[in-house]
Every structure is written in structure tokens, then in C-alpha cells.
Amino acid sequence: MTVLEHLDELRRRLVISLATIVVLAIVGFVFYDRILEFLAGPYREAIESLPPEAQPPGNFRSGLATFGPTEPFVTFLKIGFFSGFLLSLPVILYQLWMFVTPGLTKRERRLGIPFVAASVILFAAGTVVAFMVLPRGLGFLLSFGGENVIPFLTAQLYLNFLIFLILGFGLSFEFPLLLIFLASARIVTTQQMRRWRRNIYFGALIFAAVITPTGDPYTMVLMWIPLILLYEGAVLIARLMKR
């Protein structure tokens, strides 16, 4: 394919992905109240973990605040489109795979469905870990102000923090899949991956310290251990593929 043909193919894949996000965002709009109720759960847990004198009064303990006339509408759009993005992940990843397929061998093209399925499962696993970490991490951050600082989180601030956390954890869990892809393409070998083990372990620990919302050992280990297990799983799969 020429450069223009590659660009045209990229445009087509992007259009399909964006159209899928827009269509599936309707699901997020329809179930907006239920999704917001679910997303606000970790916030309520974090508030309840604070001392009574440091908790916000009244309904602010169970709901998120808005301080602008457009903020409720922006919150509605953000939840709808982010839900559409998450639901569209299988399609987005499949379009990504189809874009790189012309440069792969026939054997590697057969890995398309396993690649998409594994990507979705790993991202979902990262999202689950993010929700496990969120209540404790958010409670830890909100407790820094002491009794004289009452936390009033707006919907926008909370959703931005939550989206960053989900994307950070979800994408970090895709790293082993990238290693398997590089090994299948003979760009890296299992021997190299084993030699990198000590550096990867240390790098994963630093990454866990940066990406988690708190610096406490519990939260860091909760993020670090899955990354190590996923890395070792990638090495094992690469060995089975004899790369």
C-alpha cells in the first residue's frame, strides 16, 4: 500500500471507531442515573472512612456537587461518552488490529480474535483493580486536610480523577500483551525478557507508586503484584510460542 492508501485506511478505521463510540454512548445516556450511582459508590465509601467531623454535611455525603449551570450537562455527556468508549473497546481494538494486519504474516493474522479478546479482558481486569484501589486511595487523599477542611468534590473533579485512574490501570494491564506481540514478531526474545526481569520488577514498582492515588504500601502492592504476574505470564506464553 502507498502512503496515501495507508492514510485512507487509517481514516476509515478511525471513522468506524468514532461512529461506534457515538452510537454506544446512547447506552450511557439511557442508563446515566444507574451508571452515576455505581461510579459514585467509591466516593461514598471514601467519605464514610473519614472522621465524622471531617465529613461533608447532609446529602453531600452521598452525592457529588456541581457549582456551575453547565456542569450537570457536561457530567451527563462525559459519563455517556466514556461509557460508549468502554463499550466500544472490542471494536476499537479490532479496527487497530485490522489496520496493522497487512504487515503481518498469515499465521500472525490468525491471532486477531485472541488479541482483541485478551485486550478486553486485561483492560477489564485493570478497571476492577482500579475500583478496588479507589475507595481507600481517595479516602487517604481526602484525609490530608484534617478536621478543618471539609471535602466537597464536584462531579467534574471526581469523574476526571476516576477516568484517569481507569485508563491508567487499564492500559498498564495491556503491557504483557504488547510483549507477546513483540515476541511473536521476533522483535524481542524470551531470553531478553528474562534478562530484563529485575529491571521490569523495579520499573513496575515505580510505576505502581506513580499511578496509584496514594503512596501507602497496601495500594502500591495491590497494583504491583498483578503487573509482575502479567509479565511472567507474557514470558511463559512467549516461551510456549518458542520465541
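The values are calculated or read from the model by the stated rules, or taken from the named source; none is laboratory data. The shown structure was predicted, so the numbers you read here are calculated from the model rather than taken from an experiment. Because the Cβ atoms are built from the backbone with ideal geometry, glycine has one as well, and the counts that use them run over all protein chains shown.
Among the candidates 16, 79, 21, 35, single out the residue that is more than 27 Å from residue 132 (Cβ to Cβ) and at pLDDT 90 or above. Quick ask: steps written out before the conclusion?
Numbers: 79 fails: more than 27 Å from residue 132 (Cβ to Cβ); 21 fails: more than 27 Å from residue 132 (Cβ to Cβ); 35 fails: more than 27 Å from residue 132 (Cβ to Cβ).
16 is the lone residue from the list that is more than 27 Å from residue 132 (Cβ to Cβ) and at pLDDT 90 or above.
At pLDDT 80 or above, basic (Lys, Arg) and either closer than 23 Å to residue 239 by Cα or surrounded by fewer than 19 Cβ atoms within 10 Å (Cβ to Cβ) (or both): does that describe residue 186?
Considered against the rule, which asks whether it is at pLDDT 80 or above, basic (Lys, Arg) and either closer than 23 Å to residue 239 by Cα or surrounded by fewer than 19 Cβ atoms within 10 Å (Cβ to Cβ) (or both), residue 186 comes out as no.
Six or more apart or on different chains, Cβ under 6 Å: which pairs go from a residue in region 168-182 that's over 17 Å from residue 229 (Cβ atoms) to one that's β-branched (Val, Ile, Thr)? Could you list them?
Pairs found: 168/211; 182/188.
Given the structure, is residue 144 farther than 22 Å from residue 24 by Cβ, modelled with pLDDT under 75 and among the aromatic types (Phe, Trp, Tyr)?
yes
When residue 209 is evaluated against the numbered criteria (1) touching a Leu at 6+ places or on another chain (Cβ under 8 Å); (2) over 27 Å from residue 83 (Cβ atoms); (3) among the small types (Gly, Ala, Ser), which criterion, by number, is the only one it fails?
The one condition residue 209 does not meet is (1).
Within region 163-184, is even one residue over 25 Å from residue 86 (Cα atoms) and not in a helix (DSSP H, G or I)?
There is no residue in region 163-184 that is over 25 Å from residue 86 (Cα atoms) and not in a helix (DSSP H, G or I).
Go through (1) at pLDDT below 80; (2) over 22 Å from residue 82 (Cβ atoms) and name the single condition residue 10 misses.
In the conditions (1) at pLDDT below 80; (2) over 22 Å from residue 82 (Cβ atoms), residue 10 misses (1) alone.
Working only within region 209-235, note down all residues that are part of a helix (DSSP H, G or I) and modelled with pLDDT under 80. Please lay out each step first, then the result.
The initial filter retains those residues of region 209-235 that are part of a helix (DSSP H, G or I), namely 209-211, 217-235.
Scanning region 209-235 gives 209, 210, 211, 217, 218, 219, 220, 221, 222, 223.
Can you list the helices (runs of 4 or more DSSP H) found entirely within region 1-49 that contain at least 2 residues being under 30 Å from residue 140 (Cβ atoms)?
Output list reads 32-39, 41-48.
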